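The values are calculated or read from the model by the stated rules, or taken from the named source; none is laboratory data. What you see is a predicted model; the values in this text were computed from it and never measured. Using ideal geometry, Cβ is built from the backbone for each residue, glycine included, and neighbour counts are taken over all protein chains shown.
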Amino acid sequence: MIITKPRDWARIERNLTEIGARRVFIMGCGQCATVAGTGGEPEVREAARRLEEGGWEVTGWAVGEVTCHSGGTRLESRKHDTEIAGSDAVLVLSCGAGVQTVADAIAKPVFPGLESAFLGNVVRHGVFEERCQMCGDCVLDRTAGICPVTTCPKGLLNGPCGGMWDGMCEVVADRECVHVRIARRLAEQGRGAAGRIEPKDFSAKLKPGSLNLRETRRRGTGDAR
Ligand code: SF4
Ligand code: SF4
C-alpha cells in the first residue's frame, strides 16, 4: 500500500489563500490513506475542523472508496456535485496518485492534503515498512528475498560498505547490515553467495509507468513499464 504522511498544514493554508479560496470541499481515500490513518473519515473530519477554525467554509466532504480509481472518483464526485460546485477548491487527503485522479475528475483547483512517502508493507496494524522501490529490475532472486536497493540506506547491491561494524549498519545503528542478513539467509537455504550483481538497468524504470491490460491482452503480451 501507499504510505502517506500529514502535509505541513501551513502549506495547505497557503495554497488556499494564494488562490483566494474561502469555500473548500474535502476528499479522503477509503483505501491506503484510511489504513495509514491519514485520509480516512476521522482525518477528513479533523481537516474540516481545522479549516473551519481557520475561517474557511467547508462545503462538504467525501471519502472515496479508492481515490486513485478514475471511474470510482468520478462517481463519488458526481454524488457531491452541489457541494463541489459551491466550493472554490478541493483538498484531497490521499497519495499523489489520488490527488491527480481528483484533479482530472473535478474542474476546480485541487490541492494535496498529504505527502506520499513510500510503498509500504503492513508489518502489523499501524506499522509499515518500505521494502520495495519498484525499480523494475528485481534482484530478489539473487538476494534471498531481501531487497538491498530499499533496505540498505545506501542502496548498495554488492555490499557491505566499509562502514559496517560487527554486522550492524553504519547508517541505522540498531539495524543489522542488510548484506549480512542476505548472506545468512542464503547460507541457511544452502545457496551460494549472491555473487556480483550487475549495475541495475535503470531503463527498466522508465517514467511514467503505465500498464494497459486491455491492450496487452489483445496483443497477447504482458509488457508493462
Ligand atoms: S530489487 Fe527492485 S523490484 Fe526488487 S524488491 Fe528491490 S526495489 Fe523492488
Ligand atoms: S552497513 Fe550495510 S546496510 Fe548499512 S549502509 Fe553499509 S552496506 Fe548498507
> Does segment 190-212 contain any residue that is away from ligand 1 (no atom under 14 Å from the Cβ), surrounded by 12 or more Cβ atoms within 10 Å (Cβ to Cβ), modelled with pLDDT of 85 or more and closer than 20 Å to Arg131 by Cα?
Replying inline: no
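Any chance you could count how many residues in segment 122-170 are of a type in the set (Gly, Ala, Ser), surrounded by 14 or more Cβ atoms within 10 Å (Cβ to Cβ) and within 7 Å of ligand 2 (Cβ to nearest atom)?
Going through segment 122-170 one residue at a time, the tally reaches 1.
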> Does any residue of segment 159-169 turn out to be in contact with a helix residue (DSSP H, G or I) (Cβ under 6 Å, 6 or more places away or on another chain) and more than 16 Å from ligand 1 (Cβ to nearest atom)?
Replying inline: yes
>> Of everything in segment 124-139, what is among the hydrophobic types (A, V, I, L, M, F, W, C) and near ligand 1 (Cβ under 7 Å from one of its atoms)? Give them in sequence order.
In response: Cys132, Met134, Cys135, Cys138, Val139
> If you scan segment 71-109, which residues turn out to be charged (D, E, K, R), more than 12 Å from Gly28 (Cβ to Cβ), touching a Gly at 6+ places or on another chain (Cβ under 8 Å) and outside any loop (DSSP other than H, G, I, E, B)?
Replying inline: Glu83
> Which number in (1) among the small types (Gly, Ala, Ser); (2) surrounded by 15 or more Cβ atoms within 10 Å (Cβ to Cβ); (3) within 16 Å of ligand 2 (Cβ to nearest atom) marks the one condition that Gly113 misses?
Replying inline: (3)
> From the list Ala103, Ala107, Ala187, Ala173, which one is surrounded by 14 or more Cβ atoms within 10 Å (Cβ to Cβ) and either away from ligand 1 (no atom under 13 Å from the Cβ) or more than 30 Å from Ala21 (Cα to Cα) (or both)?
Replying inline: Ala103
